[in-house]
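No lab work stands behind these numbers, since they all come straight from the coordinates. Worth saying up front: this structure is predicted, and the values here are computed from it rather than measured. Please note: Cβ atoms are built from the backbone with ideal geometry, for glycine as well, and neighbour counts cover all protein chains shown.
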Amino acid sequence: MIHGIGASAGIAIGKAFVLPNWEWDLPEQKIDVGDLAREFDRLYEGIRTSKSEIEQMKDELREVVGTEESYIFDAHIAILEDPVFMNEIQGIIQRQYKAAEVAVKEAIDHFVTMFDLLDDEYMKERALDIKDVGNRLLKHLLGAPEITLPADTQPFILVAKELSPSQLAHLNPNHVLGIATLAGSTTSHSSIMARALGVPLVVGIEGKLDHVIQTGDMLIIDGATGIVHLEPNDKLIDYYTEQQHRQREAGQRLKGIAQVRSVTPDGKVIELSANISSIKELDVALSSGTSGVGLFRTEFLYMDRNRLPKEEEQTDVYRNVAEQLSGRSLIIRTLDIGGDKHLDYFELPEEENPFLGYRAIRICLDKTDLFKTQLRAILRTSAYGEVKIMYPLISSVEEVRGANALLEEAKRELQAEGIAFNNDIEVGIMIELPAAVMIADMLAKEVDFFSIGTNDLVQFTLAVDRMNDQISHLYEPYHPAVLRMLKMTVEAAKRNGTHIGVCGELAGDVRALPIWLALDVDELSMSAHAILPIKERLLSLRQQDSRSLFDDLMQCRTSAEIHESLNAFHRQFDMGSEQ
């Protein structure tokens, strides 16, 4: 058994096809001075061909996974247009008299090595993008053929050291049962695309293999748990085959409650909404009976491209979502970059603690033109549906008022231009900082709704960077301090008649459901795939029983005690359901 990282849920059982690493036979001799012009011509022709090929892949991919995921390839085009990358290649050709392909390979190695040395997951992922683009350019300079997948139609599990978006774009989902990569992370472009394609993916198995996986080896991968079985016995194959069957049955069963109202047996109604970042996720959410979108992450519109999205472009995307929701609520979170989310074309300062630095609402209140462009796009969208605005990372009343002042400016501009919008659009904030919790009663008087972002709230409450392997075990959502933070927030909202929702990972955790019922939250917003499992439990779970449990949880002094109480509660519930 190999323990990797589950990056795209699902079980795959089948034979491996190992994708070979890129290997190039490069010329060793230097070129003559008189050949410099020819090498530059070859380089520029290779760039033109590569850009054309990437554009074609982008168009083809748009039909499969949607417009938003296809923007990944804008980042690849941006690399080919990046003057720093190109200057490095040109300098090697001109100063060292090396062939274009040698210069490209050395430039790739230089930037990949530099980025890999950085303690930054985002930059490590960008190194893969540079490698992908550089290898495409090398392929054209050398006249090398594409590495092709098996010609027959027998489905297989793809195994690779790392998988680039370009390679993934060429895969036929009907032939690929699953994917396992030695490197990678859950936030890489390839992971995002695998989830959109519905292909099980396990990443990060390098260093955990006793011997190399070879083409033809039998594999089982579990994209939820990150487990990979190499040459499993018949017993394991039977077990996972049964799990596959159960997952399909459960999926079919859950579809039957998609349009059922989300209400407990004793009458507590909770809106179950979706967190989305693409139209593809919206499709899943709508088929699951979502009550709306509780968190529309707008970062994808800004990331993996070479320029800021224009107002019209943003309006078109937001309007598409609003119209598909057909009157259901759409909460659009304003731009949340910084920390671990960067823009290739928007230079952020080097910071010792970027998560505590220049990010989210702080950037928006500083770069007011950027912020107002987005606010105008959201306001214009409000003419087509039940659209709401939500500000991230709020820590003070001043920030809310500053953002709302810009919102009022945007309203006056649109009114003067005769453009329709909802003048009474609701405005809310994310509660994800302890400071916001402590002044929640004050903030409630400034806004229409709260949404608790549990991911950051846990991180900041416990001062734990969950991406840091050395301390990630201390990231504990069921810490007594976190429960008290949640209780304080909800009580402040209730006292002021402020709508209160939750949009962090805990919203989609079935184990946490009795906590939300006990606290009497109004809405849970989660991954689209989590909506039906949460609804299934909600339909059978009494709010009164949850309140009794929460009283016990508030007496617990350790996270272990809270886990024990929650597990006992759910075991008892499951036993009662089976009887």
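Below are the figures for this structure:
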quantity	calculated
Sparsely packed GluC sites (Glu not before Pro) within the range 343-402, loop by DSSP, other Cβ within 10 Å at most 16	Glu347, Glu350, Glu351, Glu352
For Gly504, residues with placed amide H under 5 Å, excluding near neighbours	Thr454, Asn455
Proxy reagent accessibility, fewest Cβ within 10 Å first, across Val458, Val104	Val458, Val104
FRET E, pair Val269, Asp551, Förster distance 22 Å, beta-carbon r, rounded to 0.05	0.50
Förster radius 30 Å - calculated FRET efficiency between Asn404 and Phe355 (Cβ-Cβ, nearest 0.05)	0.75
Residues in the range 524-550 that a label on Asp574 would reach, taking backbone N under 14 Å of a point 7 Å out along Cα→Cβ	537
Pairwise FRET efficiency - Glu206 versus Ile419, Cβ, R0 = 45 Å, nearest 0.05	0.25
Computed over the range 266-578: relative contact order in percent, which uses C-alpha pairs under 8 Å that are six or more apart	18
Whole-Hz ³J(HN,Hα) from phi, Karplus 6.51 cos²θ - 1.76 cosθ + 1.60, for the range 327-338, glycine and proline x	x, 6, 5, 10, 9, 9, 7, 5, 3, 10, 10, x
Relative contact order (%) - criterion: Cα under 8 Å, at least six apart; region: the chain	14
Qualifying lysines (Cα of each under 16 Å from Cα of Lys161; at least 8 residues distant if same chain)	Lys124, Lys131, Lys208
Gain in span if fully extended, Tyr239 to Leu254, counting 0.36 nm per residue against the direct Cα distance	3.2 nm
Cβ-based exposure ranking for Tyr478, Tyr345, in which fewest neighbours within 10 Å come first	Tyr345, Tyr478
Ala183 paired with His3, simple spin-label distance in nm, labels 7 Å along Cα-to-beta-carbon	2.4
Listed pairs Lys255/Lys372; Lys255/Lys310; Lys367/Lys445; Lys372/Lys487 exceeding 30 Å between Cα atoms	Lys255/Lys372; Lys255/Lys310; Lys372/Lys487
Cα-only radius of gyration and Dmax that characterise the range 266-578, units Å	19.6, 63
Computed [θ] at 222 nm, deg cm²/dmol, the chain (DSSP H ≥ 4; -39,500 (n - 2.57); rounded to nearest 500)	-15000 deg cm²/dmol
Set of lysines with alpha-carbon distance to Lys235 below 18 Å, sequence-local pairs under 8 removed	Lys15
